[in-house]
Amino acid sequence: MSADFLYGIEVVINGLMAGVLYALVALGFVLIFKASGIFNYAQGVMALFAALTLVGIMEGQVPFAHLINAIFGTKIHHFGWEVPALLAILLTLGVMIFFAWAVQYFVFRHLVGQEPIILFMATIGLAYFLEGVGDLMWGSDIKTLALGLPQGGSPVVEQWSAGLGGDDFYGFFLDELDMAATAVALILVMGLIAFAQYTKQGRAMRAVADDHQAALSVGISLNYIWVLVWSLAGLVALVAGVMWGAKSGVQFSLSLIALKALPVLMLGGFTSIPGAIAGGLIIGVGEKLFEYTIGAPYLGGATENWFAYMLALIFLVFRPQGLFGEKIIERV
């Protein structure tokens, strides 16, 4: 095999791994939109807040320390202990579940029956509120998320593949953190699909998505389902925040990962879990291949910043509902 062909394979593999992470972020949007019809603008900020909370718990940081010090003139910052990573993840998950209950109880149960634009505007307000609370609780400085995950290229893969393309090919460079993140994301995605298809709560969630009134008529609690859905979205946000935070540091730009999910949703459809997966893989592979074949050689690079949106725009022109979305037919 030629070295160019092998480098192309390496690009595709890296694109698939990036696509799985994009799909993971998109799943948070799909879960909430399917069950409640709400496009959750705050999903990216939820990932940021989860990552900030995880780091704060692990490091034993005092929540709202800066505010407490400013009011009372104290100089407290840490409790003086550190929390193991696994326990910190479980505690952070508890915080995200409490957040899901609070969002449903204090916000969305009062907006039942409102127009979709009202609900969307509520999630915008929720995003800025959560970002401000995260800043007050944990501070705005860039944090390192040290979970012991491997970093750098995999020497095993590199050594195994070094001889495949002769002297011109030095082996596949696959980042170990990306590989670990892909494995975790795949497990979570398969778990969510199994939950939606084979559990009583998953079937109830799909029933609510299909028809709220019919679901109510058979005794399904909308409040319970919406809290469940927001809790699942919080779990997805936690995993996404952990993976992206470990990769690039926990900083407030982390909330922008939600923007990368928008082209994925446009391709796969806003109501399809398989569509989110397929859309993520298409975007991941497409942007890597475009950068490798056209962007870097002819356009000066950095095409990954806009290729996904260009591809999504083309899909919107020819198939507005996405690959797996349902066609909307209305009488006019």
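The values are calculated or read from the model by the stated rules, or taken from the named source; none is laboratory data. Note that the structure is predicted; figures quoted are calculated from it, not measured. No Cβ is skipped: glycine too gets one built from the backbone with ideal geometry, and neighbour counts run over all protein chains shown. We work out accessible area using only protein heavy atoms, side chains counted, and drop any ligands, DNA or RNA first. Shrake-Rupley method; radii C 1.70, N 1.55, O 1.52, S 1.80 Å.
Once the other residues with Cβ under 15 Å from the Cβ of residue 230 are scored (Lys, Arg +1; Asp, Glu -1), what is the net sum? Mind showing how you got there, number by number?
On the way: positive: 34, 109; negative: none.
It works out to a net charge of +2.
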What whole number of Å gives the distance from the Cα centroid of segment 196-242 to the Cα centroid of segment 1-49?
-> 21 Å
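Counting each DSSP H run of 4 or more residues in the chain as -39500 (n - 2.57), what helix-only mean residue ellipticity at 222 nm follows after dividing by all residues, to the nearest 500 deg cm²/dmol? Provide the component values of the computation, followed by the final result.
Working: 13 runs with 219 residues, N = 332.
About -22000 deg cm²/dmol.
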What trypsin sites (Lys or Arg not before Pro) in segment 225-332 are in a loop by DSSP, with at most 12 other Cβ atoms within 10 Å of the Cβ?
-> 327, 331
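Taking the Cβ of residue 172 as the center, what net charge do the other residues with Cβ under 10 Å away carry, scoring Lys and Arg +1 and Asp and Glu -1? Don't skip to the end; give the middle numbers.
Working: positive: none; negative: 10, 158.
Residues close to residue 172 contribute a combined charge of -2.
Grab the beta carbon distance between residue 71 and residue 306, set R0 = 41 Å, and tell me the FRET efficiency rounded to 0.05.
On the way: r = 45 Å, r/R0 = 1.11.
Between residue 71 and residue 306 the formula returns 0.35.
Taking 8 Å as the Cα distance limit and 6 or more residues as the minimum spacing, I'd like the relative contact order of segment 190-332 as a percentage. Please list the in-between numbers first.
Values: 113 pairs, mean separation 25.7, N = 143.
Once divided by the residue count of segment 190-332, the mean separation gives 18 percent.
Using +1 on the beta carbon of Lys and Arg, -1 on that of Asp and Glu, and nothing else charged, what's the dipole of the chain about the Cα centre, debye to 20?
For this selection, approximately 1200 debye.
For segment 59-175, what % of the accessible area comes from carbon and sulfur atoms, probe 1.4 Å? Provide the component values of the computation, followed by the final result.
Working: 4980 of 7380 Å².
C and S atoms contribute 68 percent here.
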Positive-pole candidate from 71, 85, 151, dipole of the chain, charges at beta carbon | 71
Pick out, from 102, 19, 40, the residue whose Cα sits farthest towards the positive end of the charge dipole of segment 8-146, with +1 on the Cβ of Lys and Arg and -1 on the Cβ of Asp and Glu.
-> 102
Relative packing of peptides 5-11, 151-157 - highest average C-beta neighbours within 10 Å first | 5-11, 151-157
Kindly state, to the nearest 0.05, the FRET efficiency for residue 109 paired with residue 3, given R0 = 45 Å and r defined as their beta-carbon distance.
-> 0.15
Pairwise centroid distance, computed over Cα atoms, of segment 246-272 with segment 124-143, Å = 18 Å
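Dipole size in debye (nearest 20) for segment 29-171 around its Cα centre, Lys and Arg Cβ +1, Asp and Glu Cβ -1?
Numbers: 4 positive and 9 negative charges, 130 e Å.
In total the dipole reaches around 620 debye.
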Pick out, from 183, 283, 207, the residue whose Cα sits farthest towards the positive end of the charge dipole of the chain, with +1 on the Cβ of Lys and Arg and -1 on the Cβ of Asp and Glu.
-> 207
Lysine pairs meeting the criterion (Cα under 27 Å, 8 or more apart or interchain), as found in the chain = 10
Taking the C-alpha atoms of segment 1-127, convex hull volume expressed per residue in Å³ | 191 Å³
Roughly how big is segment 180-332's charge dipole about its Cα centre, with Cβ charges of +1 (Lys, Arg) and -1 (Asp, Glu), in debye to the nearest 20?
-> 200 debye
Once label points are set 7 Å from the Cα along Cα→Cβ at both residue 82 and residue 158, what is their separation, rounded to one decimal in nm?
-> 2.7 nm
Out of 66, 77, 110, any idea which swings most in a Gaussian network model of the chain, alpha carbons joined below 10 Å?
-> 110
Give the span of the chain's Cα atoms along each principal axis, as three whole-Å numbers ordered largest to smallest.
-> 65, 65, 37
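Only helices at least 30 Å long along their axis, Cα-based, and averaging 0.0 or more on Kyte-Doolittle count here, so list those DSSP H runs from the chain. Show your work: numbers first, answer last.
Working: long enough: 3-36 (50 Å, 1.68); 85-106 (31 Å, 2.14); 116-138 (33 Å, 1.44); 176-198 (33 Å, 1.61); 222-248 (38 Å, 1.46).
Answer set is 3-36, 85-106, 116-138, 176-198, 222-248.
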Stretched fully, the stretch from residue 129 through residue 298 gains (0.36 nm per residue minus C-alpha distance, one decimal, in nm) 56.5 nm
Sorted peptide list for 219-229, 120-130, criterion being average Cβ within 10 angstrom, highest first = 219-229, 120-130
Can you tell which of 70, 204, 276 shows the greatest fluctuation in a Gaussian network model of the chain with Cα springs below 10 Å?
-> 70
Would you mind telling me which residue in 258, 85, 47 has the biggest mean-square fluctuation in a Gaussian network model of the chain, where springs connect alpha carbons within a distance under 10 angstrom?
-> 85
